[in-house]
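The values are calculated or read from the model by the stated rules, or taken from the named source; none is laboratory data. What you see is a predicted model; the values in this text were computed from it and never measured. Using ideal geometry, Cβ is built from the backbone for each residue, glycine included, and neighbour counts are taken over all protein chains shown. Accessible surface areas use protein heavy atoms only, side chains included; no ligands, DNA or RNA. Shrake-Rupley method; radii C 1.70, N 1.55, O 1.52, S 1.80 Å.
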Amino acid sequence: MGILARDGYELTPRADDAEVLVVNTCSFIEAAQKESVDAILEMAEHKKFGAAKKLIVAGCLVERYREQILEQVPEVDAVVGTGEVERILEAVEGDLRVLPAQPPSFLYHDLTPRIVTTPKHAAYIKIAEGCDHPCTFCIIPQLRGKFRSRRFESVVREAENLAAAGAREITLIGQDTTSYGEDLGLRDGLAQLLAKLAQVEELLWVRFLYAYPNRVTQKLLDTISQHSKLAKYVDMPLQHASRNVLARMKRGSNGDAFLKLLERMRATIPGVSLRTSFIVGFPGETEKDFDELCEFVKAARLDWMGVFEYSDVDNAGSHALDEKVDAETITERRNRLMAIQKKISRENLRAQYLGARLRGGKHQDFTALIEGPSKENPLVWEARLEGMAPEIDGKLYLIDIELPSGEVANAGDVARVRVTRTDAYDLIGRVVEILPRPAKRPSLAKVPPLPGGERLHRITTGAPLRVLG
Ligand code: SF4
């Protein structure tokens, strides 16, 4: 989007208005693939009946079905794989239709123009791309290529630019963030990067997503505990707890080792919020394996948990494994596991956020980032606490954003809040103090000039837009 905007194209979230439609696809699992194909077919209709003259398919589905997409959906004019992002202009302008598949190697940097589609106060930064782990259920290494890190300074500069443009929270992402810097010869690369980003003045929180269990070092945990701006939050997908299933997944380890690791994390980072995800119904998962997982979840008492139903993807290693679990059993196991966690989550939230009140002590207030009016009900506002990552965890719903002085909180404000009620996954509270906003400093980014406005096209993206140089 950044490359197109820099070249003078106007972006629109309305497919009806667009002359060029770009569908960015996912093909991680069956459901994502289906959603991607549905979106392509829906956009193809716009090409038949709307203003659209061109339809481009980009992203991971292209890595799997490059030629088939063009053959089976004749409305598609070009495909752009994950390694060809920088060639989007050629696709829009008509010189590119299909490229022979190359191992994806694209990695953006701080000078790659980028449109940030999240609200101004919270941004994601991708710090690495690809993955070298051999997990048998996963085709991400095939779709995204070998693990490669962005340069340290490039990430720092991007974070500074985003902070100067109003970001209060940065979330670092990548398929395997805990390996950050290994390919650059950095030792404890992620810990070093986090320590550096913790110095960016305007930021309230810096967090990272997706720790690989055996890459979580003591140095990383110490770093998180030492810097107040580093969110006391770790998302570490464990995928299972039975030794047997983890071995078939080629992830090694077992539930006891995970419990020890969680204990060490909690001891090093008091109050840390922990999130994980599991896959149920992996080929060969017996009732005994699943029981082990249930016992693990009860013992681990994690703050947030996601459960994915195993999905057989034809070019994943696990596709060839026997003893497939039937779909009904998989769904039933998912529901059972979620029910166990729901009870734990309810108890955790109550103890963590209402504990002081229940003990009859003084109210304990918390720091929150105000997100804005809730989409479901604009009379209620949404906010997040340090232990809640954007988009995925529970939320704090604010029933009152106005102080007795008449001061009103805005989206992007940082406030002290009082939690008045807790539920299974969400909290209810009100604002008790709005904290001062950081002083503005000139953006470090140089916004490249747009070429003359004659050739103005519209591109659809499906998201509100903000241009950052
Ligand atoms: S570590 Fe994550 S991205 Fe890498 S292969 Fe395993 S599941 Fe896939």
- Filtering segment 135-166 down to residues that are part of a loop (DSSP other than H, G, I, E, B) and open to solvent by 40 Å² or more (accessible area, probe 1.4 Å), which residue is farthest from the ligand (Cβ to nearest atom)? Arg151
- Query: Only one of (1) part of a strand (DSSP E or B); (2) in contact with a Lys or Arg (Cβ under 8 Å, 6 or more places away or on another chain); (3) touching a residue at least 40 places away in the same chain (Cβ under 8 Å) is not met by Tyr108, so which one is it?
  - Reply: (1)
- Item | Residue list for segment 362-387, filter: in a loop (DSSP other than H, G, I, E, B) and either touching a Gly at 6+ places or on another chain (Cβ under 6 Å) or polar (S, T, N, Q) (or both) | Gln364, Ser374, Asn377
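Take the residues of segment 16-26 that are open to solvent by 20 Å² or more (accessible area, probe 1.4 Å) and touching a residue at least 60 places away in the same chain (Cβ under 8 Å): which is farthest from Ala44 (Cα to Cα)?
First pass over segment 16-26, keeping only residues open to solvent by 20 Å² or more (accessible area, probe 1.4 Å): 16-17, 19, 22, 24, 26.
Okay, now just the ones that are also touching a residue at least 60 places away in the same chain (Cβ under 8 Å), so 17, 19, 22.
Details: Asp17: 14, Glu19: 12, Val22: 11 Å.
Residue satisfying both the conditions and the ranking: Asp17.
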- Among the residues of segment 167-186, which ones are touching a residue at least 40 places away in the same chain (Cβ under 8 Å) and open to solvent by 30 Å² or more (accessible area, probe 1.4 Å)? Arg168, Ile173, Gln175
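Any chance segment 33-48 includes a residue that's assigned to a helix (DSSP H, G or I) and at pLDDT below 90? Steps first, please.
Step one: filter segment 33-48 for residues assigned to a helix (DSSP H, G or I), giving 33-48.
Now narrow it down to the ones that are at pLDDT below 90: 47-48.
The answer is yes; a qualifying residue exists.
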- Task: Give me a count of the residues in segment 51-93 that are assigned to a strand (DSSP E or B), in contact with a Ser or Thr (Cβ under 8 Å, 6 or more places away or on another chain) and of a type outside the set (A, V, I, L, M, F, W, C).
- Result: 1
- List pairs: first in segment 230-245 and within 29 Å of Leu194 (Cα to Cα) and within 16 Å of the ligand (Cβ to nearest atom), second modelled with pLDDT under 95 and in a loop (DSSP other than H, G, I, E, B), Cβ under 7 Å, 6+ apart or cross-chain? Asp235/Tyr210; Pro237/Tyr210
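Looking at Leu99, Leu107, can you tell me which residue is under 30 Å from Val206 (Cα atoms) and modelled with pLDDT under 90? Walk me through how you get there before you give the answer.
Working: Leu99 fails: under 30 Å from Val206 (Cα atoms).
Answer to the selection: Leu107.
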- Kindly indicate whether Asp132 is open to solvent by 40 Å² or more (accessible area, probe 1.4 Å) and within 16 Å of the ligand (Cβ to nearest atom). yes
- Message: Name the single residue that is nearest to Ala409 (Cα to Cα) among those in segment 106-129 being charged (D, E, K, R) and within 16 Å of the ligand (Cβ to nearest atom).
- Response: Lys126
